[in-house]
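These notes are about the structure you will find just below.
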Amino acid sequence: MNPKDTPKKSAKEWRQQLSDVAYKVTRQAATEPAFSGAYWDHWQTGVYQCVCCGTPLFASAAKFDAACGWPSFDRPVASEKIEEKVDHSYQMTRVEVRCQQCAAHLGHVFTDGPTQTGLRYCINSAALEFDPKPE
Ligand SMILES: [Zn+2]
């Protein structure tokens with residue numbers, strides 16, 4: 001199916017599909033508490049997908065330990081999978097990261113990454129679903 005053909009779901013449909021925390025994070029741009037999610041200290045090989053639509057977003061090879069309590073990646077699987085948008089909420093200027101296919105809020109990207117890309121995608125565990133297949 002072409003990603004552009006994915007039907008837009010209503011808030012009610014998302015609520016039925018998602019856990020409470022996943023709904024708040026992805027559809028209401030909330031941030032899960034640090035060290036609370038399933039993936040901040042998770043190091044299996046595989047791909048992290050969008051919890052809403054299943055799009056592969058981040059590979060385990062791009063994951064690094066940022067010691068911040070959220071899963072952190074230095075790059076997405078492909079830049080067209082995500083949408084980056086300047087976010088001025090909470091009196092801060094940050095770059096918000098969303099799933100390109102379903103507009104789920106994922107987290108933010110910062111330019112203080114320790115690897116070659118210089119980027120740190122700080123992503124909520126609740127926005128992700130891990131698929132443990134080899135890359
Ligand atoms: Zn999605």
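The values are calculated or read from the model by the stated rules, or taken from the named source; none is laboratory data. On a predicted model such as this, the values are computed, not experimentally measured, just so you know. All Cβ positions, glycine included, derive from the backbone under ideal geometry; neighbour counts span all protein chains shown. Note: areas computed on protein heavy atoms with side chains; ligands, DNA, RNA excluded. Shrake-Rupley method; radii C 1.70, N 1.55, O 1.52, S 1.80 Å.
Brief remarks follow.
- Of residues in the stretch 89-110 being surrounded by fewer than 17 Cβ atoms within 10 Å (Cβ to Cβ) and within 21 Å of residue 127 (Cα to Cα), the one nearest to the chain's Cα centre (by Cα): 103
- From the options 67, 61, 22, residue that is modelled with pLDDT of 95 or more, of a type outside the set (D, E, K, R) and more than 15 Å from the ligand (Cβ to nearest atom): 61
- Counting residues in the stretch 99-112 that are among the polar types (S, T, N, Q), more than 13 Å from the ligand (Cβ to nearest atom) and within 16 Å of residue 25 (Cβ to Cβ) gives zero.
- Any hit, the stretch 14-23, residues being under 12 Å from the mean Cα position of the chain (by Cα) and in contact (Cβ under 8 Å) with a residue 24 or more places away in the chain: yes
- In this entry, residue 49 is excluded by the filter for residues that are in contact with a Phe, Trp or Tyr (Cβ under 8 Å, 6 or more places away or on another chain), more than 16 Å from the ligand (Cβ to nearest atom) and open to solvent by 30 Å² or more (accessible area, probe 1.4 Å).
- Residue 80 being open to solvent by 20 Å² or more (accessible area, probe 1.4 Å), within 16 Å of the ligand (Cβ to nearest atom), over 16 Å from the mean Cα position of the chain (by Cα) and of a type in the set (Asp, Glu): no
- The residues in the stretch 6-58 that are of a type outside the set (Phe, Trp, Tyr), more than 18 Å from residue 133 (Cβ to Cβ) and in a loop (DSSP other than H, G, I, E, B) can be counted, and the count is 17.
- First in the stretch 45-56 and touching a residue at least 40 places away in the same chain (Cβ under 8 Å) and of a type in the set (Phe, Trp, Tyr), second anywhere and surrounded by fewer than 23 Cβ atoms within 10 Å (Cβ to Cβ) and outside any loop (DSSP other than H, G, I, E, B), Cβ under 9 Å, 6 or more apart: 48/56; 48/59; 48/60; 48/63; 48/129; 48/130; 48/131
- Residue list for the stretch 62-77, filter: surrounded by 14 or more Cβ atoms within 10 Å (Cβ to Cβ) and either over 26 Å from residue 23 (Cβ atoms) or small (Gly, Ala, Ser) (or both): 62, 64, 66, 69, 72, 74, 75
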